[in-house]
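Okay, here's the structure, questions in a sec.
The values are calculated or read from the model by the stated rules, or taken from the named source; none is laboratory data. None of the values given here were measured: they were computed from a predicted structure. Because the Cβ atoms are built from the backbone with ideal geometry, glycine has one as well, and the counts that use them run over all protein chains shown.
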């Protein structure tokens, strides 16, 4: 078995009396899409927060690229190659589409402390940014204001920004949220390609997407992992059917 | 509106006549915000004198400094550069005077101070074009110290805001007071609650309280002090007992002794006429500030009568002569162009339901100031 | 050329034409007024770097303005009284040279902004507004009650400080100095907004968590913005003190901080020339309304209210239309 | 320093704090429910004091003066809410700060236009004048004791109002979730006007109560406004409990700092220098307190959100 790129070990997080995550362990292996599913309030977002460094766990560890990153900040994790997308698009809406990816590329290259040289004239950065746009098929919209493009296009822009980091792993929080059938199909195809570049930890509600993309699935309920396994195993898991799939579909 | 009208009245009446050597006066004073009452009084007193003189060769431009030093400086620049005034006057506050006066006099203009008299301008920083018609800042405090001696006080509790004029006040009082000091307390500028200081007064073994708290601070202190039942005799300079604010203090001020170079019952014809005509013109009793504005204008008029303002030396000599009937009686300038005058002790009384002051004695006779010796002009 | 560039060019032309016209018609006071507008604009441009790009609503910018003022006041005071500023193992003398005073003012403003920012940027939103206000008030009360440099009376400097090769006492020459500095800072501001730093700062205002997710520290970006902003406002403070030849604690008052914000809003938030237009309009109104009524501040208040409620783009917005995406 | 003096000073600090609370309560309510920073709150305090002085002069009754102050402030508050403030709820803090800054200018000059430039007279009712002797031989002004009692009663009343009444429940709901109260069928704009008027009435009452022992003048609201902001920021914006704790902290720090700091510096400095340093520091004390609290807890002592 290959070494996992990203793993959590018995992560526990409580908010007062509420246990948001209890002893959650999972791992992300090279080349795979690992889907994280569970009903609303199951603790998925809390888990993503802890993996990316926005939330500090009460107990347990996070490992990334063989190192313990539990104490590291979001920024350090990002710089070592953890690319994330947000459930609600986190883009600079006043800026252009290209500026958003340029920003990502600058962050990755660490060239932000320049005060006089125009950002858009740094060719290396710009090239990288344009490549990322190309990958998600947004090249034509580069000069538009982010606030003016469609929701589906913004979801892809989110992915493009994460791509500029040349990530070693993606953490995507509901990338399909709010997308129509067409948008979902396009983005699914994109993610399918991206897994070659870096494995994806995918939080998703859309079961069709999950079952078509995922190599493995982890099911969270009331903050605990109730099942982990291949899509086939999950489909047939009685506890999952009872606790989750039965209600949802 | 009112300023414009008044200026116009003064201007129009005067422009009509022959314009031999017109004197243009720039008045920078506080007409808006919290301290507007003082500036309005100075302006009204000044304009009354100009009007009574009937002269058509004195033109007055009035501007509001909002009690902000930078605005005052800007207005002074405007008056000198754009209005081309010959004489400036009107500033109420020492810090504004410090900002404006040195550069005005350095540019060869005359400045007549109707209120502020910071020590720097009376001593080392004196200037032959600067005339103070009110008092050097320490004067009334010195008189309060002298009065405290004569009243037999042996131990005083001193109270003033923590800013330069407050420190000067206590210095002035101590310069003349011969007794001991129970304590010197500096309060915050603009402080409105004096419970803590009053508690300290109560706990001390003082037999008298001297305080300098101008404007609203004094009103607050007196009301709270009267209510506290401490009851030690209080002395202070006239600023907290002026006609304008006395009604707001009310009975709490009754019987308090304060020092002033002017009061409406000073017995001389000029004063009687001033008090009567001021009431007739504006429908209120004149204040200390109004009297200072009135005197300032009359000093100016006396100089205009005997010299041409374009001849600076002659005009200066005419000002130095101070050949006018001051409402405060005898008035002369010392070597540093600050007044030599008598300062009275007044007591707050109630007359026909109106709170006002009555002279009870002389605190300092023909008093000059402590800085005259440092002045080299 | 966009409409905003045309408006900017018009404002720029006004800043050149008005003082030259005043010079031609021998109205030196107009030049003084213009100088005041330019200096206040400079201070507001400083605030706009933090507020416009970084979204930092600092209600304590009077602190940096005042520090610049006192840098000028203290240095010039020691120079004019021939007393050393510091005696010890080495002696520091006062100076009347503008470039040195500016340097001290810039460093003072930057240093204060660094310390205040380090502490204040732990908070956000209203708390940030209020903690910056608190720091401004600390300086205000400190200068009032500290007797060494005049306390509330402030410090008067009798002769304006000098700049090599110029006679700064001539209004138009001093104006030129201030104008050139304003242009330099505006140029810097324009470059900054397009530079990587400006792009990142702008994003840190809009989506701080995104900025963090690409490996940048939004707080550090904002801190640097505040330091630059404090430095510029400090420089403006030194010039303002030189214009008045006077410095006092009122430069530290919270109303001063409020006025700097008023300039930005009057002129138009997020516009390069917004603070310039705002300061020009404010000085003009102060001058015109002040002569009309004792109660002119009420009219100013009403006008300001109208601009905030209905004229969202401010003066520049009225003429230039909706803000355009920069670049 | 004697115990008597110390107790008296602590009472003074309490009384000052309680008055601050009356100001801070309204500010914090308005912020908590509507998310509005209202710099013009100090103007309502001033309006209360001026109204009280006018009513007292006309009727001679202090109780009527207080009622008049509350009514006038509440009315002006409701009017301003209706005409101006409600347009600001959806705006960012910057717009709110500026618009209410503009309101200060309008109110100050407007009041000066109506009442003139000189301070007005407002006195303590004779029944409450003079000092009273407390156990332990402490002489303390009766009126100030009454202020403490009134302030505490209002704090208690406010707590009851918010926890027990229908409107109070709506207010709490509004603090937590604006959409929820809309869903409950509450007329939000009426609720907002009511909350604003309530805050204004409290400020007006504070102005009248304090006006009796201070100077009723233009601009009297601004120093206390800044202090009230310090209070609610220390307490945590939106929290009534925080406002009470913050008020008392600020009141005590200000009163006791002014006395003890100069004394403390005298222990290791010469007296004149100690007085200077001590009183400089004392005037900055509450701001240092506030900065300290915020650095330690960035959303104040009882604050939930930024």
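Output the residues belonging to region A:179-206 that are over 26 Å from residue A:81 (Cβ atoms) and surrounded by fewer than 16 Cβ atoms within 10 Å (Cβ to Cβ). Explain how you work it out, then say what you get.
Looking only at region A:179-206, we keep the residues that are over 26 Å from residue A:81 (Cβ atoms), and these are A:179-185, A:205-206.
Result: A:180, A:181, A:182, A:185, A:205.
For (1) more than 14 Å from chain D (Cβ to nearest Cβ); (2) out of contact with any helix residue (DSSP H, G or I) (no Cβ under 6 Å at 6 or more places or on another chain), each residue gets a yes or a no:
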| residue | (1), (2) |
| --- | --- |
| B:257 | yes, yes |
| B:279 | yes, yes |
| B:284 | no, yes |
| B:289 | no, no |
| B:303 | yes, no |
| B:314 | yes, yes |
| B:345 | yes, no |
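Any idea which of B:81, B:52 is at pLDDT 90 or above and out of contact with any strand residue (DSSP E or B) (no Cβ under 6 Å at 6 or more places or on another chain)? Break it down stepwise before answering.
Working: B:81 fails: at pLDDT 90 or above.
Just a single option satisfies the conditions, and that option is B:52.
Mind listing whichever residues of region A:56-78 are within 12 Å of chain C (Cβ to nearest Cβ) and either in contact (Cβ under 8 Å) with a residue 40 or more places away in the chain or under 13 Å from residue A:13 (Cβ atoms) (or both)?
In the first step, residues of region A:56-78 are kept if they are within 12 Å of chain C (Cβ to nearest Cβ); the result is A:72-78.
Passing the criteria: only A:78.
Next question, about the same structure. Hey, residue A:58 hits all of (1) crowded, with 16+ Cβ neighbours inside 10 Å; (2) over 21 Å from residue C:54 (Cα atoms); (3) in contact with a strand residue (DSSP E or B) (Cβ under 7 Å, 6 or more places away or on another chain) but one; which does it fall short on?
(1)
Can you go through B:302, B:310 and tell me which one is in the same structural domain as residue B:277 (by TED's automatic domain parsing), part of a helix (DSSP H, G or I) and surrounded by fewer than 23 Cβ atoms within 10 Å (Cβ to Cβ)?
Step by step, each of B:302, B:310 is checked, and only B:302 is in the same structural domain as residue B:277 (by TED's automatic domain parsing), part of a helix (DSSP H, G or I) and surrounded by fewer than 23 Cβ atoms within 10 Å (Cβ to Cβ).
When only residues in region C:111-128 that are assigned to a helix (DSSP H, G or I), touching a helix residue (DSSP H, G or I) at 6+ places or on another chain (Cβ under 7 Å) and more than 7 Å from chain D (Cβ to nearest Cβ) count, which is surrounded by the most Cβ atoms within 10 Å (Cβ to Cβ)?
C:113
Could I ask something else about it? Can you find a residue that is more than 14 Å from every other protein chain (Cβ to nearest Cβ) and either under 23 Å from residue B:215 (Cα atoms) or surrounded by fewer than 20 Cβ atoms within 10 Å (Cβ to Cβ) (or both) anywhere in region D:217-228? Even if it seems obvious, please write down each step before you answer.
Kept after step one, since they are more than 14 Å from every other protein chain (Cβ to nearest Cβ), are these residues of region D:217-228: none.
Checked region D:217-228: no residue is more than 14 Å from every other protein chain (Cβ to nearest Cβ) and either under 23 Å from residue B:215 (Cα atoms) or surrounded by fewer than 20 Cβ atoms within 10 Å (Cβ to Cβ) (or both).
Taking only region C:271-293 into account, find how many residues are crowded, with 21+ Cβ neighbours inside 10 Å and either more than 21 Å from residue C:320 (Cα to Cα) or modelled with pLDDT under 85 (or both).
The number of residues fulfilling the criteria is 2.
Please return the ranges of helices (runs of 4 or more DSSP H) entirely within region B:29-144 where 3 or more residues are within 20 Å of residue B:316 (Cα to Cα) and facing chain C (nearest Cβ under 9 Å). I'd like the intermediate steps shown before the answer.
Values: elements: B:36-53, B:69-81, B:94-106, B:119-122.
Once the helices (runs of 4 or more DSSP H) in region B:29-144 are filtered for at least 3 residues that are within 20 Å of residue B:316 (Cα to Cα) and facing chain C (nearest Cβ under 9 Å), what remains is B:94-106.
One line per residue, one yes/no per condition, for (1) without any contact (Cβ under 8 Å) to a residue 12 or more places away in the chain; (2) buried (at least 24 other Cβ atoms within 10 Å of the Cβ); (3) assigned to a helix (DSSP H, G or I):
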{"site": "D:21", "(1), (2), (3)": "no, yes, yes"}
{"site": "D:25", "(1), (2), (3)": "no, yes, yes"}
{"site": "D:46", "(1), (2), (3)": "no, yes, yes"}
{"site": "D:53", "(1), (2), (3)": "no, yes, yes"}
{"site": "D:65", "(1), (2), (3)": "no, yes, yes"}
{"site": "D:71", "(1), (2), (3)": "no, no, yes"}
{"site": "D:82", "(1), (2), (3)": "no, no, yes"}
{"site": "D:90", "(1), (2), (3)": "yes, no, no"}
{"site": "D:94", "(1), (2), (3)": "yes, no, yes"}
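Quick check on region D:113-137: of everything there that is within 7 Å of another protein chain (Cβ to nearest Cβ) and not in a loop (DSSP other than H, G, I, E, B), which residue is nearest to the chain's Cα centre (by Cα)? Even if it seems obvious, please write down each step before you answer.
Step one: filter region D:113-137 for residues within 7 Å of another protein chain (Cβ to nearest Cβ), giving D:113, D:117-121, D:123-124, D:129-131.
From the residues that got through so far, the ones that are not in a loop (DSSP other than H, G, I, E, B) too are D:113, D:120, D:131.
On the way: D:113: 25, D:120: 21, D:131: 25 Å.
Here the answer is D:120.
Something else about it: Quick check on residue A:102: is it at the interface with chain C (Cβ under 9 Å from one of its Cβ atoms) and modelled with pLDDT under 90?
On the way: at the interface with chain C (Cβ under 9 Å from one of its Cβ atoms): yes; modelled with pLDDT under 90: no.
The answer is no for residue A:102.
Return the residue satisfying two criteria in turn: it lies in region B:203-237 and is facing chain D (nearest Cβ under 7 Å) and in contact (Cβ under 8 Å) with a residue 12 or more places away in the chain, and of such residues it is farthest from residue D:147 (Cα to Cα). Steps first, answer last, please.
Filtering region B:203-237 down to residues facing chain D (nearest Cβ under 7 Å) leaves B:203, B:216, B:219-220, B:223-224, B:227-229.
Next, only the ones that are in contact (Cβ under 8 Å) with a residue 12 or more places away in the chain stay: B:216, B:219-220, B:223-224, B:227-228.
Numbers: B:216: 21, B:219: 19, B:220: 16, B:223: 15, B:224: 13, B:227: 14, B:228: 14 Å.
The residue in question is B:216.
Can you confirm whether residue C:263 is within 12 Å of chain D (Cβ to nearest Cβ), under 12 Å from the mean Cα position of the chain (by Cα) and more than 21 Å from residue C:138 (Cα to Cα)? Don't jump to the end; show me each part of the working.
Numbers: within 12 Å of chain D (Cβ to nearest Cβ): yes; under 12 Å from the mean Cα position of the chain (by Cα): yes; more than 21 Å from residue C:138 (Cα to Cα): yes.
So residue C:263 passes the test.
Please list, ordered by residue number, the helices (runs of 4 or more DSSP H) wholly in region C:147-225 having 1 or more residues that are touching a helix residue (DSSP H, G or I) at 6+ places or on another chain (Cβ under 7 Å), more than 7 Å from every other protein chain (Cβ to nearest Cβ) and in contact (Cβ under 8 Å) with a residue 24 or more places away in the chain. Full working, then the answer.
Values: elements: C:171-194, C:196-206, C:208-213.
Ranges flagged: C:171-194, C:196-206.
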